[in-house]
Every structure is written in structure tokens, then in C-alpha cells.
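Read through the structure below, which is laid out as C-alpha cells, and then see the notes.
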Amino acid sequence: MTPPATQPTANNLDAFFMPFTANRQFKKNPRLLAKAKGVHYWTPEGRKVIDGTAGLWCVNAGHGREEIKAAIARQLEEMDYAPSFQMGHPKSFELAARHAALLPGDLNHAFYCNSGSEAVDSALKIALAYQRARGQGTRTRLIGRERGYHGVGFGGISVGGMSNNRKQWGVMLPGVDHLPHTHLPAKNAFSRGLPEHGVELADELERLVALHDASTIAAVIVEPCAGSTGYLPPPKGYLQRLRQICDKHGILLIFDEVITGFGRLGAAFAAEYFNVIPDLMTVAKGISNATVPMGGVFVRKHVYDGLMNGPENVVELFHGYTYSAHPLACAAASAVLDIYKDEGLFQRAADLSGYWEDGVHSLKGLPGVTDIRNLGMAAGIDMEGRKDAIGARGYDAFVKAFELGLMVRQSADTIAMSPPLIIEKNQIDEIIDIAGKAIKATA
Ligand SMILES: Cc1ncc(COP(=O)(O)O)c(C=O)c1O
């Protein structure tokens, strides 16, 4: 028998059906990452690449953290797995208490799952169950937003607003409507931080209430700062207004903080940054620094309490995953919280965000750059696309950046960047320099 190849070759890339990837194109010219430490990756050939995206917006504390590795190894030694259905293990309860202490307001209960997509579908189900439990079972409608990304479950794609993520899947969930997106380049291009214009777009929720009636609407879900469609910070006052309208009509507000949670904006959560407390919050990614898959739904006291009715021996929420609160994920997430606290990483992100903002906005004026947006430690750069080939320039810029030693994210002709929060100023300079070269090279 021939031993398995240690280095993937063009011949043996075939079996892996890659997610969100042009498989045939990739396999002809693969981009492989084999090693990671700090803010860098290395390719199998040993080429160093600076991580301009914290993996996929998730490695907030940087790669290869010894403390997390040790915590996972200890947990594996102690107990590999325990179910969370009608059983429990101490680390899940400890972690939930730690998250509750970190969360703003009375967001003080945590449900755990394994990804952002699961977190979103769980949050939508909790919202429906809550409305029913409080005698408002006619509230079944869910409201999302155009250009929103809420993962790939049927709930998430239904409330999501990216046509490529929707068009292949038929009718999806019924009874879903969408708010308009808040991207207004004609008025807000090259805004630094929160854009001035667009608060009135939150009033579209009043229009949807008038159309459907509040008694049919369970929840509204938005990303406080939309990530995957090119990083779209909300207009000033928008989230506050959305909160007011939800309160007025008894509609639950869900913040999808899968990207913004755990420090990206220079605060623990966007809810804290904006001082707007949602009823439910979804998280993933930075919760475990991406070491062990984990997601979660944080809920406010009234939502949890509202579900704790009926006889005590009855399961209040018929929902959960085999790997909900997996011991390894809990151990990792707890070690990550220590790092965030001990290194003051959320404050560090806040302190660095001005330098980051200056850096990304220095790319204004490069050929075909039509807008630059930033908030916290992330940014989106829009480039003029090629005629009849949406996304071609964005893809070329992404590939060029990788060749030059930088990993960025591409969404159509937008480049998004979100480095680990441990990034140093000279490394930000390097990211900006290479991104600029990639943009110029593809003009
Ligand atoms: C806002 C938001 N929600 C949900 C998800 C889905 O997370 P996952 O890929 O872990 O399922 C993502 C992923 O990028 C996201 O950005």
C-alpha cells in the first residue's frame, strides 16, 4: 500500500468539497496555509503571510496561544465529552456565569452551540418560543435586513439578505420580511467610523409593522455592523431607533454579534459600544478564538424567565445540539476570556482603532477605490468592478495580496480586513502597504 502523501498535490485535492469556494478554480491554483503563530500564517512551502482577517474574523487573540492549548489539553485529559441534555458538567455553568458577568445590561443567560449559523437558528427559535410562552403565539414573523449575513442554516439564510446565499434554496422560511440595508455611498462615502446619514432607514420597521401588524412579528435580527457584505457600520442613531421601535411594538431585537462580539469594535460587544441592549445576542468566532468550534445565544433575563413557566418537569426549550457546551469548547472559551482580560485586548482594540482608521483611509485616491468604511478594528474597501464581471477585480486583488504576503477577505469587489487584536502598529503599516499594492496592481 502506498503511504498517504504528506504534502497535498494537485492530484489529491479532489476529495474535499470546499465550502464557499470555487472548487475547480481553487484546485488548479491552490492557496494553502500550513502553520500559524501570532498574526502570521505560513504556507506549506514556508512563505510567511500576515493575517489581515484574523482567520475568518475569529482569531481575535492571535494564533497559537499557549494558554488556550494548555486548557484544551487539560480538559481532554480530564474529560473528553459529556452530554448537556438532562446532564451537565461544571465548565459549562462556569463559562455561562463568566459570559453573563461580561455582558452589558441584563443579558445574563447563555445557550451554547457550535457555530454562528447554529447560534442564529437557535436565537430565532428562542424568540418564537418566548413569544408563544408569553401568550403571543401569533407572533411568528421574523424580520431581517438586506445585505445581512446570518450564516447558512435555513433560518439564517431566510432572514439574511445576500442573494447568492438565498437564490438556490427555494422558498426558505415563510413569513420573513426585510428592512432595507444601510449602505448609502452617495451620501456617506469615505465616512470615518459611523456614517452621518441613514438613521431614518430604521423607520422602515414602522412600515413593516403597518403592513403585517405588530401582533404577527416575533423578532428583528440585524448585525450591529454588517460584516460579510463589505463591512457596513450603521448610520448614527440607527440602532437606538431600531431598539425604540421594537420596544414600542413588543418585538424582540436580536443582535448578531458573531463578528462584532469579543472585542472587534474596541468593546466587549457592539451592544456595549452602542449602548443598545438587544433581547438576544448571537456569538461565535472570537468566543473560543476559533480553536474549538463554538457559538452561543445570550438572552436577557425577561426572555429566559419568560420561558421558565409551566410545570418544572417539562423541558422549556426543545432545542439543543449533541455538542452544546462541549467541554473542550468551554475550556477554550474560558482560557480566551482570561487572555482578553489579562491583556486588555478590547481596550487595546479601542486604542488602536484610530491608527487603523488613518491607515485604511490613506488608501483613498488609489485607482478605482470608491468607498472606504471602518469601525473598531475592521474595514471595508470598495473598488470599481470590471465591466460585466462583478467580483473579478475583488478576486484578483485578494489573490494578489496573498501573493504579496497578506490575507484579506473578498466580497464581490470589496476587500474586508479585520486583523487579530494583538496586531502592532508596524504590522498595520505592512497590511496597508500590501493592500495598497494589490489594489493598484488590479486597477
Ligand atoms: C454575522 C454572522 N452571523 C453568522 C455567521 C455564521 O457563522 P458560522 O460560519 O460560524 O456558521 C457569520 C459568519 O461569518 C457572521 O458573520
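Every read-out reported here was derived from the displayed coordinates using simple, explicitly stated rules and does not represent laboratory data. Being a predicted model, the structure only gives us computed values, none of them experimental. Please note: Cβ atoms are built from the backbone with ideal geometry, for glycine as well, and neighbour counts cover all protein chains shown.
Here are a few things to note about the model shown:
- Across segment 301-408, Cα-Cα pairs farther apart than 23 Å form 61% of the total.
- Centre-to-centre, using Cα atoms only, segment 84-114 and segment 229-304 are separated by 16 Å.
- Considering only segment 292-443, percent of DSSP beta bridges that pair antiparallel, nearest 5: 100
- Ranked packing of 351-360, 217-226, most packed first, by mean Cβ within 10 Å: 217-226, 351-360
- The alpha carbons of segment 217-268 give a radius of gyration and a Dmax of 11.8, 33 Å, in that order.
- Given +1 at the Cβ of Lys and Arg, -1 at the Cβ of Asp and Glu and no other charges, the dipole of segment 232-386 around its Cα centre is 320 debye to the nearest 20.
- Bridge type composition, the chain - antiparallel percent by DSSP, nearest 5: 65
- Principal semi-axes of the equivalent ellipsoid, √(5λ) from the alpha carbon gyration tensor of segment 77-234, are 31, 21, 17 Å from largest down.
- About the centre of its Cα atoms, the chain shows a dipole size close to 900 debye [charges on the beta carbon of Lys, Arg (+1) and Asp, Glu (-1) only; nearest 20 debye].
- Between the residues G175, G153, A129, the greatest Cα displacement towards the positive end of the dipole of segment 90-187, with unit charges on the Cβ of Lys, Arg, Asp and Glu, is found for G175.
- Proxy reagent accessibility, fewest Cβ within 10 Å first, across K285, K437: K437, K285
- Checking the cross-link pairs K125/K301; K364/K437; K236/K440; K187/K285; K285/K440 against a 23 Å limit on the alpha carbon distance flags K236/K440; K187/K285; K285/K440 as lying beyond it.
- Prolate/oblate/rounded label for segment 1-142 (Cα gyration tensor, a/c 1.5): prolate
- Computed Kirkwood radius, in angstrom, where 1/r is averaged over Cα pairs of the chain: 22.6
- Among the DSSP helices (H) of the chain, those spanning at least 15 angstrom by Cα along their long axis with an average Kyte-Doolittle hydropathy of 0.5 or more are 327-342; this is a geometric and hydropathy rule only.
- For segment 178-220, alpha-carbon Rg relative to the globular expectation (2.2 N^0.38 Å, N residues): 1.45
- Put simply, segment 121-175 fits an ellipsoid with semi-axes of 23, 10, 9 Å; these come from the alpha carbon gyration tensor as the roots of five times its eigenvalues, largest first.
- Alpha carbon centroid spacing (whole Å) that separates segment 328-390 from segment 7-70: 19
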